[in-house]
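A short write-up of the structure that comes next.
The values are calculated or read from the model by the stated rules, or taken from the named source; none is laboratory data. These figures come from a predicted structure and were not determined experimentally. In this analysis, Cβ positions are derived from the backbone assuming ideal geometry, glycine residues included, and neighbour counts consider all displayed protein chains. Accessible surface areas use protein heavy atoms only, side chains included; no ligands, DNA or RNA. Shrake-Rupley method; radii C 1.70, N 1.55, O 1.52, S 1.80 Å.
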Amino acid sequence: MEISWLGHSCFQLRGKNVTLITDPFSPQLGYSLGKISAPIVTISHNHPGHNYAAGVSGNPRIVSGPGEYEISDVLITGVASYHDNQRGQELGRNTIYIIHMDDLVVCHLGDLGHILQEEQLEEVADADILLVPIGGQNTINAAQAAEVISQVEPHIIIPMHYRPSVGDAPNPLDKFCREMGIEAINPQPKLSITRSALPAETQVVILSSRG
């Protein structure tokens, strides 16, 4: 599988036989998806930064809520969660997706706003690769992300939903690396991974945004 970060919470998961796009964002965010095509699109919640399925060509199947879906040999489980820590009263609902593709399990947390509850953790506990928001504000922050990672214990962690800070503001990625007890890592353009190549110890992978 090849994983590329298109920016914000949008990833392209390219498997042997199928490509999946998560949370395509609208141009009103100020950056571009570029030309992308995929038969499957997952949408974690109905906000413009995450639901721009019109930006994905190829007449994709849209997955946009809790449930179990099987499309082109990809098994997707949507798990109900919240966009805030007030049970959705501030920002509404969010769907976590567990995506089984090419013998790997990828978990996209969407705009998760809280630590995982027991029933959610049961669903995501098998994740090999965790795509986790770290920016704070409308999602969990770096410290909460580190706590969620310790709950799930994936092989690979890829942070998302952050932008490099401007000026003197603290950089969310620096804060996240400190929380994880690691040195800052040089971003790489994509991650190519197979089940047999999964690291034994949890590893953070920083991807450079294509958006």
**Message:** Tell me yes or no: at least one residue of segment 126-138 is more than 16 Å from residue 22 (Cα to Cα), under 15 Å from the mean Cα position of the chain (by Cα) and touching a residue at least 60 places away in the same chain (Cβ under 8 Å).
**Reply:** yes
**Item:** Check on residue 183, open to solvent by 50 Å² or more (accessible area, probe 1.4 Å), assigned to a helix (DSSP H, G or I) and either charged (D, E, K, R) or within 23 Å of residue 94 (Cα to Cα) (or both)
**Value:** no
**Request:** Please indicate, with yes or no, whether at least one residue in segment 150-169 is assigned to a loop (DSSP other than H, G, I, E, B), within 21 Å of residue 80 (Cβ to Cβ) and of a type outside the set (Lys, Arg).
**Result:** yes
**Message:** Take the residues in segment 1-34 that are charged (D, E, K, R) and assigned to a loop (DSSP other than H, G, I, E, B); name whichever of them is most open to solvent (accessible area, probe 1.4 Å).
**Reply:** 16
**Prompt:** What strands (runs of 3 or more DSSP E), lying completely within segment 41-146, carry at least 2 residues that are open to solvent by 10 Å² or more (accessible area, probe 1.4 Å)?
**Reply:** 61-63, 67-71, 74-82, 93-101
**Test: residue in segment 193-208 that is open to solvent by 10 Å² or more (accessible area, probe 1.4 Å), part of a helix (DSSP H, G or I) and either on the phi > 0 side of the Ramachandran plot or in contact with a Lys or Arg (Cβ under 9 Å, 6 or more places away or on another chain) (or both)** = no
**Request:** Answer with yes or no whether residue 63 is out of contact with any Leu (no Cβ under 6 Å at 6 or more places or on another chain) and in contact (Cβ under 8 Å) with a residue 24 or more places away in the chain.
**Result:** yes
